[in-house]
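Just below is one structure, and these are the notes that go with it.
The values are calculated or read from the model by the stated rules, or taken from the named source; none is laboratory data. These numbers come from a predicted model, not from an experiment. Methodologically, a virtual Cβ is constructed for each residue, glycine included, from the backbone with ideal geometry; neighbour enumeration extends over all protein chains shown.
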Amino acid sequence: MISVLIADDHPLIMEGSVSILESDPQKRFTVVGTAETADDAVLQYKKLRPDVAILDIRFGHANTGIDAALDIKLDFPDAKIIFVSQLPPESFLLYGYRIGALAVLVKNCSSSQLIDAVSSAAAGKQYFLPELAEKLAHIAIGSDTNPRFTLDDRELFVFSRLAEGWSSDEIAAEIGLTSRSVLNISADIKQKLRVNRPAEITRLAIRSGVIDA
């Protein structure tokens, strides 16, 4: 049996996913837990250690499925994770796979696609929806200045706060660094992304899906 954790803040979506997996004719899946927030998803994963975790990309809360995945991967690098979304932002598709997800699904995918994705993930194999594969290839070609693909985790955090208008002192206090260190990180970010003015940083952050407009 493949044990599965499902995290989604839409009850109908979660119930539908549970029903699909537990109705599998081959009886390969058991849903061992559900969560309605990213934080609870992390707690449930640590408690249940499922074979596969299915995480919604966006929850209506401060933390997202991306945050949950990064937290889980920190303690369990071999965690097998699938992301789902109404419509995955283009900027997220490649990033989702790069941070270790084994599949990115849309919420209107077919039952067979969900089953195939979970089966592939349980076996440690990546799964690609046919309708997203071509889009993913195009994104990969133009990813050299996308902050999600260019920056490491700390740089991406600083970049997101710069885009939201935080000062160097505020960022430094948040992550426990000196203002000078944050200024140095900011300079590296601007060089990597070839941006300089605050408005350019904010536009790039919105366009790449790092912050919401």
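Let's see how each residue does on (1) modelled with pLDDT under 90; (2) under 18 Å from Phe149 (Cα atoms); (3) among the hydroxyl-bearing types (Ser, Thr, Tyr):
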position: Ser179; (1), (2), (3): no, no, yes
position: Val182; (1), (2), (3): no, no, no
position: Asp188; (1), (2), (3): no, yes, no
position: Leu193; (1), (2), (3): yes, yes, no
position: Asn196; (1), (2), (3): yes, no, no
position: Val210; (1), (2), (3): yes, yes, no
In this structure, is Leu12 in the same structural domain as Ile115 (by TED's automatic domain parsing), within 20 Å of Tyr127 (Cα to Cα) and not aromatic (Phe, Trp, Tyr)?
-> no
In the range 161-182, how many are surrounded by fewer than 15 Cβ atoms within 10 Å (Cβ to Cβ), in contact with a helix residue (DSSP H, G or I) (Cβ under 8 Å, 6 or more places away or on another chain) and of a type in the set (A, V, I, L, M)?
-> 1
Kindly indicate whether Arg161 is more than 26 Å from Arg98 (Cα to Cα), part of a helix (DSSP H, G or I) and modelled with pLDDT of 90 or more.
-> no
Are any residues in the range 190-204 in a loop (DSSP other than H, G, I, E, B), charged (D, E, K, R) and surrounded by 14 or more Cβ atoms within 10 Å (Cβ to Cβ), and if so, which ones?
-> none
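Being more than 20 Å from Leu21 (Cβ to Cβ), at pLDDT below 90 and acidic (Asp, Glu) is true for just one of Asp152, Asp71, Asp78. Which residue is that?
Working: Asp71 fails: at pLDDT below 90; Asp78 fails: at pLDDT below 90.
Asp152 is the lone residue from the list that is more than 20 Å from Leu21 (Cβ to Cβ), at pLDDT below 90 and acidic (Asp, Glu).
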Restricting attention to the range 124-140, report how many residues are assigned to a strand (DSSP E or B) and either on the phi > 0 side of the Ramachandran plot or modelled with pLDDT under 90 (or both).
-> 1
Please work out which one of (1) modelled with pLDDT under 90; (2) basic (Lys, Arg); (3) in contact with a helix residue (DSSP H, G or I) (Cβ under 8 Å, 6 or more places away or on another chain) is the condition Arg203 fails and give its number.
-> (3)
Taking Phe59, is it among the aromatic types (Phe, Trp, Tyr) and in contact with a strand residue (DSSP E or B) (Cβ under 9 Å, 6 or more places away or on another chain)?
-> yes
